[in-house]
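The values are calculated or read from the model by the stated rules, or taken from the named source; none is laboratory data. Because the structure is a prediction, the values reported are computed rather than measured. Here the Cβ positions follow ideal geometry from the backbone for every residue, glycine too, while neighbour counts run over all protein chains shown.
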Amino acid sequence: MTEVSPHVDGNSLAGPLSDIFAVDMTRAWWRCPDCGSTGPLAELHVYGPDPGLTARCAGCDRVALRLVRHEQDTWLTLGGAEGAFRFRTAP
Amino acid sequence: MPLPWRTARLVGRADETATARTLVLDAPGWPGHLAGQHVDIRLTADDGYQAARSYSLGAPADGTRLELGVEPVTGGEVSPYLADDLPVGASVEVRGPLGNWFVWRPEQEEPVLLVAGGSGVVPLMAMVRAHRQAASTSAFQLIHSVRGEADLWYREELGRPDPALDVRFLYTRKAPPGSTRPAGRLTAADLEPALKRLTPAGTVYVCGPTGFVETAADLLTSAGQDPATIRTERFG
Ligand SMILES: Cc1cc2nc3c(=O)[nH]c(=O)nc-3n(C[C@H](O)[C@H](O)[C@H](O)COP(=O)(O)OP(=O)(O)OC[C@H]3O[C@@H](n4cnc5c(N)ncnc54)[C@H](O)[C@@H]3O)c2cc1C
Ligand SMILES: [Zn+2]
C-alpha cells in the first residue's frame, strides 16, 4: 500500500456506532440534502483522527455525522447541525 | 446491546508476502460471522493509551478461530506491531463481527466479481472460501491487482483449480515472464471480459487502498455497471 488517503472507509464506523445503535449502521441508507447522492453509510468518507470522526458525503463533502468519544461518553451529531447527543458508552 | 470487547490470543502467524502476514487468533465466545465482515482490534499500552483499527476476516466462521491478513503500513501505529511484533501466545482485544453491508452470503445465487487491490484481497478471500465451503455453483470471478508476483497473497490456494472460480492476476509494476498483459494499473480493458460474464444482476465487490477502489468503481460505472450492484471497502 502506497497511496495515503486523508479519509477512511464508512465501514470503519461499524464498531464505534455499535456502541450506540442496536442495528448495523453501515447499511443505513442516506441521502445527501446538498448533492442528492444516495447510498449506505458504508460509502461515506470518514475523517479522523480517532476519537473525533466526521463522516462526509463522498460526492460533495457535506457532513453526514460526527462522532466524538471522550472518556466514558460518545457524542453524536447527525448532519452538519449543531448540538450533540451524549451517550454513556463505557462503564 | 453494544458488542463486547473480547480477549483473543494470537495462536499462529504465517508469511503471505515479504511484508504481509496472516494472523490466527483464538477468540473464546466468538459468535460467528459472514464472509466480508471485519473486526476492530484494540491495543492498550502500559500507560493505558489505546489504539483501535479495523481488520477484515480472511476466512469464513470456524468456531473461535479468526484469521486476519495484515499488510504493515510504514510508520503505522498498529499494523507493523500486529504483523511482526505481537508475540504468539499474547492477547489483543477484538470486537465484532462488524458490518453487514460488505458481505457475501451463501444464499446469493447471482454471479459475483471480486476486485482486489493488494491486501484488499483479505475479505474477498473469505468470500472465495465461503463460496467453496458452501459448494456454491454461482459464478465467481476474482481479479487481483498486485505489484509483482512476490506480492501475491494466498498464491497456492488461489492457484488450485476450481470450476466455479475464475482468478486473474494483474501486475502493476512487474509482470512475470511470459505475461501477455504489460505491467500497469487496472484499466477498462481489464474489466471488460469479466463484466461480460456478469449478468446485469451480478454483484461486484471492490476492496483495497482508497485510490484503487475509487479508480475501479469509476471504471465499473463508466462501463455501464449499475452503481447499486457495486460494493466497496477502502482500507485507507
Ligand atoms: C473496514 C476496514 C477493513 C480493513 N481491513 C484491513 C485488512 O484486512 N488488512 C490490513 O492490513 N488493513 C486493513 N484495514 C486498514 C487498517 O484498519 C489500518 O488502517 C492500517 O492497518 C493502518 O493502521 P496503522 O495503525 O498501522 O497506521 P496509522 O498509524 O493509522 O497510520 C499511519 C500513516 O499511514 C497512513 N495510512 C493509514 N492507513 C493506510 C493504508 N491502509 N495504506 C497506506 N497508508 C495508510 C496514515 O494516513 C498515516 O499517515 C482496514 C480498514 C478498514 C476501514
Ligand atoms: Zn453530497
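Restricting A:THR54, A:THR38 to residues that are β-branched (Val, Ile, Thr) and at pLDDT 95 or above narrows the list to A:THR54.
Within region B:45-70, the only residue that satisfies the criterion of being more than 6 Å from ligand 1 (Cβ to nearest atom), modelled with pLDDT of 95 or more and within 14 Å of another protein chain (Cβ to nearest Cβ) is B:LEU57.
The set of residues from region A:8-24 being touching a strand residue (DSSP E or B) at 6+ places or on another chain (Cβ under 9 Å) and more than 7 Å from chain B (Cβ to nearest Cβ) comprises A:GLY10, A:LEU13, A:PRO16, A:LEU17, A:ILE20.
With respect to the conditions (1) surrounded by 20 or more Cβ atoms within 10 Å (Cβ to Cβ); (2) within 14 Å of chain A (Cβ to nearest Cβ); (3) more than 28 Å from B:ARG13 (Cβ to Cβ), B:ALA194 falls short on a single one, namely (2). Between B:THR210, B:THR137, the distinction of being more than 14 Å from the chain's Cα centre (by Cα) and free of Cβ contacts under 8 Å to residues at least 60 places away in the same chain belongs to B:THR137 only.
For region B:112-134, the condition holds for at least one residue, the condition being that it is surrounded by fewer than 18 Cβ atoms within 10 Å (Cβ to Cβ) and of a type in the set (Gly, Ala, Ser).
Of all residues in region B:146-173, exactly one satisfies the criterion of being within 17 Å of B:VAL70 (Cβ to Cβ), of a type outside the set (A, V, I, L, M) and in contact with a strand residue (DSSP E or B) (Cβ under 8 Å, 6 or more places away or on another chain), namely B:TRP153.
Table: residues versus (1) modelled with pLDDT under 95; (2) in contact with a Leu (Cβ under 6 Å, 6 or more places away or on another chain); (3) within 17 Å of B:VAL112 (Cβ to Cβ).
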| site | (1), (2), (3) |
| --- | --- |
| B:ARG181 | yes, no, no |
| B:ALA188 | no, yes, no |
| B:VAL206 | no, no, yes |
| B:THR210 | yes, no, no |
| B:GLU214 | yes, no, no |
| B:LEU220 | no, no, yes |
| B:ALA228 | yes, no, yes |
| B:ARG234 | yes, no, no |
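Looking only at strands (runs of 3 or more DSSP E) that fall completely inside chain A, which ones have 2 or more residues that are aliphatic (A, V, I, L, M) and away from ligand 1 (no atom under 12 Å from the Cβ)?
A:63-70, A:73-78
Of all residues in region A:60-75, those that are more than 12 Å from A:LEU44 (Cα to Cα) have Cβ atoms under 7 Å from Cβ atoms of residues that are small (Gly, Ala, Ser), 6 or more apart or on another chain, in A:VAL68/A:GLY52; A:GLN72/A:ALA90; A:TRP75/A:ALA84.
Does A:PRO51 count as away from ligand 2 (no atom under 16 Å from the Cβ) and under 24 Å from B:GLY75 (Cα atoms)? In short, yes. When B:VAL73, B:VAL88 are checked against the criterion of being out of contact with any Asp or Glu (no Cβ under 8 Å at 6 or more places or on another chain), away from ligand 1 (no atom under 13 Å from the Cβ) and in a loop (DSSP other than H, G, I, E, B), B:VAL88 stands alone in meeting it.
Just wondering, is there one or more residues in region B:75-82 that are over 16 Å from the mean Cα position of the chain (by Cα) and more than 14 Å from every other protein chain (Cβ to nearest Cβ)?
Looking through region B:75-82, at least one residue is over 16 Å from the mean Cα position of the chain (by Cα) and more than 14 Å from every other protein chain (Cβ to nearest Cβ).
Filtering region B:93-119 to residues that are more than 13 Å from ligand 1 (Cβ to nearest atom) and either more than 14 Å from chain A (Cβ to nearest Cβ) or under 28 Å from B:ASP166 (Cα atoms) (or both) leaves B:TRP104, B:ARG105, B:PRO106, B:GLU107, B:GLN108, B:GLU109, B:GLU110, B:PRO111, B:VAL112, B:LEU113, B:LEU114, B:VAL115.
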